[in-house]
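Single-structure report; data block below.
The values are calculated or read from the model by the stated rules, or taken from the named source; none is laboratory data. Everything numeric here is computed off the predicted structure, so don't read it as measured data. Cβ placement follows ideal geometry from the backbone for every residue including glycine, while neighbour counts extend to all protein chains displayed. We work out accessible area using only protein heavy atoms, side chains counted, and drop any ligands, DNA or RNA first. Shrake-Rupley method; radii C 1.70, N 1.55, O 1.52, S 1.80 Å.
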Amino acid sequence: MPQIKRLENLRETLAVLAISLARTHVRMAWFLSGALHALEPVLRWRALPSDGGGAFGTVLPSSGDYTEAEDAVRRLQDALAQIATERVGPGSVHPGRQADEA
């Protein structure tokens, strides 16, 4: 996949995370905030050389940088899918709540 498309996909992921964080609270907000922080370097990347023009502090990432960020996004997707499908049984204790009464 071309680097410009890879960068587009990563930045789209950051936008989705930011929107999700704005609508979330408690532990999930901390989790999403951590993901945004870990992927923050993507915002300083550019996909094309500056060709002598102003780069505005952006850098060309290495192929390994792209791969690492994409792997992090996949791990994040897996973690969110696991959280979404996790079942909580009766009697479970959640932070800030009493145990469910049988």
For ARG27, the lone unmet condition from (1) surrounded by fewer than 10 Cβ atoms within 10 Å (Cβ to Cβ); (2) among the basic types (Lys, Arg); (3) at pLDDT 85 or above is (1)
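Count, please, the residues in region 53-79 that happen to be more than 17 Å from PRO2 (Cα to Cα) and either open to solvent by 60 Å² or more (accessible area, probe 1.4 Å) or assigned to a loop (DSSP other than H, G, I, E, B) (or both). Even if it seems obvious, please write down each step before you answer.
Taking region 53-79 and keeping what is more than 17 Å from PRO2 (Cα to Cα), we get 53-58, 72-79.
From the residues that got through so far, the ones that are either open to solvent by 60 Å² or more (accessible area, probe 1.4 Å) or assigned to a loop (DSSP other than H, G, I, E, B) (or both) too are 53-58, 74-75, 77-78.
Selection size over region 53-79: 10.
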Flagged in region 54-102 as at pLDDT 90 or above and polar (S, T, N, Q), in numbering order, are THR58, SER62, SER63, THR67, GLN77, GLN82
The one condition in (1) open to solvent by less than 80 Å² (accessible area, probe 1.4 Å); (2) within 17 Å of the chain's Cα centre (by Cα) that SER50 fails to fulfil
(2)
Within region 27-65, which residues are over 17 Å from GLU8 (Cα atoms) and of a type in the set (D, E, K, R)?
ARG27, ASP51
